[in-house]
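For reference, the structure is listed below as structure tokens.
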Amino acid sequence: MKRKLAFIFILISIPTACLAWQQRADHAIQVRLDTKTRTLSGHLRLTYHNNSPDTLNRFYFHLYQNAFKPGSHLDRLRRAYGNFSIAKLPPQDWAWIKVSSIRTESGQSLRGKVDDTILEVPLDEPVLPGEVARLELDFETHVGRASYRMKENHGQYVITQWYPRTCVYDEHGGWHVDQHLGHEFYGEFGTYDVQITLPAEYVVGATGVLVNRPEVLPDSLVAELDIRNFKSGNHPKTQAPGQRHAGKRTKTWIFHAENVHDFAWTADPTFRIGVAHWQHVTVYALARERKAAKWQDAAQVGAEVIAFYSKHIGRYPYPTMTIADVDEGMEYPMIVMCGGESPSYRYLFYHEIGHNWFYGVVANNETRNPHMDEGFTQLLHTMAMDSLIPDFGNRDAYRWKGWYARHFFPKQNDRLYRQFLYLQHAKIGYEQKVDTHSDKTLERAMYRLVAYNKPTTVLYALQYTLGRRVFQRVLQTYFHDWKFRHPYPRDFQRVAEKVSGWDLDWFFDQWWETTWTCDYGIRRVRNRPAPSGGTDVAITLERKGLAVMPLDLRLTLADGSVRRVIVPINRFHKPARGALVTAPWDGWFRLDATKTVRLHLPSPVRKVELDPSLRLPDTNRLDNVWPRHPFPIRVRFDNMFVTAPDLDRYDLWLRPSLMINSVDGLRIGLHADGSYLESPFSADKKLLAGVHAGVKSRNLQYSVLFRTPWRTFGGLANFVLRSARLAGREVHSVGLEATYRKLLQYPPWTQVHLIVQSSKLYDPAYLAVPWEPGRDYTLRASAVRGWRWRTVNQTLSVRLTTSLLRSAHQYTVVSAEYLAHGPLGRSGEVTLRLFGGRAQNTTPAQERFFLAGASPVQEYTNPLYRSAGTLPQRWRREGHVLLSGGANLRGYGPQNRSGTRAAAANLTLGHRKPLDLLVRALPVVSSFVQPKQAYFFADAGDVWTEGTHFRLEADAGIGLALGLGFVPPRLGRWALHLDFPVYVRRPVASEKPVVFRWVVRVETRAGNL
Ligand SMILES: [Zn+2]
């Protein structure tokens, strides 16, 4: 039955109008998997139809796996970014494809030339236009350990990009022979007949229809492997008896697919099978047995979304779809590899299955134009989420299960979230144009921006521009016209122009070809009684960005009625059913940067909203409403885990705060965290504030930090204001904090801080360590440079603190710190720190250098160390509680002293292994803390003052670093260090140099407390 089906499906005519030639490549492959050597041995018979008007003198094939062995272009590229993951692979873990023989139809041998991931085969006889060529190739493919997608994982094989795949020859430049640099692919359409031979116990899922189902997957075996038998999830990992194949050691699975441009498969002995149907389509879910209980509805979810896309975009043209449980998310024709579990896997399923429309059927050059498959697919999956699971909300909320997440995590719309991610980057000028070759994107974050988040945002902007109905027709027509073909960006534009009837150069030029941003605002609105009755309304709009868009206004009148107003641009009139249409507004840059819209309305306008549908990618929406709200703020509860930022409001997150110290006893307060379109790199009007009251002391305290971009000093420069009366100190400061970097994810970078500060002690009882009173005025400057040499990350920091006029203490402190951190062997790490500093003798105690750790001023920045009584005071006195800093000789806690000179070297050699063993022995530990590493450390150096001498002190010991994963991420990343300085060169009088000692450090980065 199935066999017949396989041959009768897809007799779909290729659209002819205005479309030119396209090549066709039919593949017949026999392949055998050797699970002992992780090697595939295959024979490929290629039938190539030269439909082009050109004579071909050579062929090209992709040998993708060759990228994953040392010396490849990809390896060299990775090393240039400090990634040695391929370079360091042992030979048995390299991936490769070797072609051992190439023959023509007549049996003549051809010699191929391999250049990394491209095989070039010069032909003795050229292939003329309209001719069919046949080639036979023998190949061997090794499954490596560093490939992105092909892999072996606990006996599961994911076999992708595995055979010599014909390069595409198309109208846009002939052959496309891009080396594989870790991005995506491009293949020629054709028929695939593939026979896979492998150990009998394996269950296989693949592109195509299983032709010999009765033989390899008889009904009796299907019944045994039925996913419904594995609902409870308590099954030992077993093989069904039927998986052994009548005494034979191997089975051969035969698949047939038509009109596909690639073939992928996966095999696992523990696959359990779910089945669902939609019309002509059978959906298979293959779940590993251990996941089967959580994959019960997988096939059904697949069938639902296939129905959705078939209805809204175009009919799914293949008879089957397989969803395979693999730890990743990757699309192939008729098969998708998806991780996760119910219900959150819907997010990934919708995306990867959606790719069968844009990538699978409409098959753009993914290497050249990643936005055409990723951006379009993201649009589809967002549409599916909106429609099929409207209150699914923030996918993070589904990762965090349980009561707290259900009640306090915000729901987030995926479309708005994508737009938010685009705006975040656009605001700091971090962009390449969307039409950028994937290999020419500067780094991973940029690839995500140009392939995913910006194109999705732009497609919704196109929906805003054309109107929902026309946009839907554009998508459907594009799918229909380019089915089984290779479109380029202008082809989609042409479809959009044909369907809408408008020239859309202005839209696609600015959004695909430039990095212009869009920013409109409402400047003012005037209502004047008209002499003839009613009201004359004048709305003045302004354009602040370079991008030009038609505008959509919603007016609310005094009589309660609502009017929609469209402000078109010259070259394009937005559909305006039921709307008032004004005269067009064009211009560019300074030309006509403002426009006053005049309307005659029955009653005065009370409210004007620009783009109420939130589809215009406007970088500042706070001025998109009139009357401008004095405080356009949305206040919500800060759950400390997940935020869902707003596009049109300033977000303010509030939560209670609790702290303990010896003066206040319990200190209770309210913490506020606000910003507009916040990103890890910059935030508009970032506010961190707290008001606190001491229960015992009755003291009221506060702290405020305000940070906002100061672009005079660069895209990532901020103006910063701090003011606090907190824990015994009053500190006010103002200054500049700037970062300079080309790439967001990779060094080098430079950070510069320039701060003027006034500080005063108002209650010494709060402080855990001695502090000199008096009001000080200081200038604090620092420059930090970060760079990477091979795999070693290094930073050099130089800091200067100097007192200003009228300061109670007159002093200057200068220090420099060099840090190098790199890998050591397979899972080891090494850190070297060199530190030196010099201060004037008049420097107050809190600013001096300390022998065992950080100075009081540094400790004050950590909320746990700020006040006496938060951490056990006796431990602090006895030197058991320290914070890294100063000379960092952690064994000298009990005799910690300060000086105005410091010189020290600290070395740490760490390894993961010992802690992993500890966790295995005490699994309860890992539910509270994440073991990071066990390490050996050695410190040497001294602090001294002018007039005394450097005297070498040294200590050494072992330690453990544990991540405090239970602390919510918004409170910073916290780590607990337990140090045991067993050797101290000059211990306290009562101790021997070698004796058991202990020190606790609780370190934080980027705390938000
Ligand atoms: Zn994708």
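What translational diffusion coefficient, in µm²/s and rounded to a whole number, does the Stokes-Einstein relation yield for the stretch 744-874 at 37 °C and a viscosity of 0.692 mPa s, taking the hydrodynamic radius as the Kirkwood radius over Cα pairs?
Numbers: Rh = 16.9 Å.
Result for D is 194 µm²/s.
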TODO: Within 10 Å of each residue's Cβ, count the other Cβ atoms and sort ASP391, ASP955 from fewest upward.
DONE: ASP391, ASP955
Open item on the list: Within 12 Å, Cβ to Cβ, of ARG571, how many net charges do the neighbouring residues add up to if Lys/Arg are +1 and Asp/Glu are -1?
Closed with: -4
Task: Cα-only radius of gyration and Dmax that characterise the stretch 520-626, units Å - done: 13.4, 40
Open item on the list: Please report the spacing between the Cα centers of the stretch 795-873 and the stretch 34-76 in Å, no decimals.
Closed with: 56 Å
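What trypsin sites (Lys or Arg not before Pro) does the stretch 876-923 have in DSSP loop regions with at most 16 other beta carbons within 10 Å? Let's see the in-between values first.
Numbers: sites: ARG876, ARG877, ARG890, ARG897, ARG901, ARG912, ARG920; in loops: ARG897, ARG912.
Passing both the DSSP loop test and the Cβ count: ARG897, ARG912.
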TODO: Show me 148-157, 934-943 ranked by packing, highest mean number of other Cβ atoms within 10 Å first.
DONE: 934-943, 148-157
- [ ] Kindly give the semi-axes, whole Å and largest first, of the ellipsoid equivalent to the stretch 947-1009, taking each as the square root of 5 times a Cα gyration tensor eigenvalue.
- [x] 32, 16, 8
Task: trypsin sites (Lys or Arg not before Pro) within the stretch 14-114, DSSP loop, no more than 10 other Cβ atoms inside 10 Å - done: LYS36, ARG111
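Counting Lys and Arg as +1 and Asp and Glu as -1, what is the net charge of the other residues whose Cβ lies under 9 Å from the Cβ of ALA902? Provide the component values of the computation, followed by the final result.
Working: positive: ARG838, ARG848, ARG901; negative: ASP942.
Neighbour charge sum, excluding ALA902 itself: +2.
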- [ ] Note down the net charge around ARG780, summing +1 for each Lys or Arg and -1 for each Asp or Glu among other residues with Cβ under 13 Å from its Cβ.
- [x] -1
TODO: Return the lysines within reach of LYS607: Cα separation strictly under 26 angstrom, same-chain partners fewer than 8 residues apart disregarded; answer none if there are no such residues.
DONE: LYS544, LYS574, LYS595, LYS685
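Could you compute Rg(Cα) / (2.2 N^0.38 Å) for the stretch 395-513, with N its residue count?
Values: Rg = 17.2 Å, N = 119, 2.2 N^0.38 = 13.5 Å.
Dividing the Cα Rg of the stretch 395-513 by 2.2 N^0.38 Å gives 1.27.
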TODO: Can you pull a Stokes-Einstein diffusion coefficient for the chain at 37 °C (0.692 mPa s), Rh from Kirkwood over Cα pairs, as a whole number of µm²/s?
DONE: 100 µm²/s
- [ ] Please list the equivalent ellipsoid semi-axes of the stretch 710-1005, computed as the square roots of five times the alpha-carbon gyration tensor eigenvalues, in descending order and whole angstrom.
- [x] 30, 25, 20
Open item on the list: Give me Rg/Rg_expected for the stretch 298-385, where Rg uses Cα atoms only and Rg_expected = 2.2 N^0.38 Å with N residues.
Closed with: 0.98
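Only the coordinates and a few stated rules stand behind these numbers; no lab work does. Bear in mind that the values here come from a model prediction, so they are computed numbers and not experimental data. No Cβ is skipped: glycine too gets one built from the backbone with ideal geometry, and neighbour counts run over all protein chains shown.
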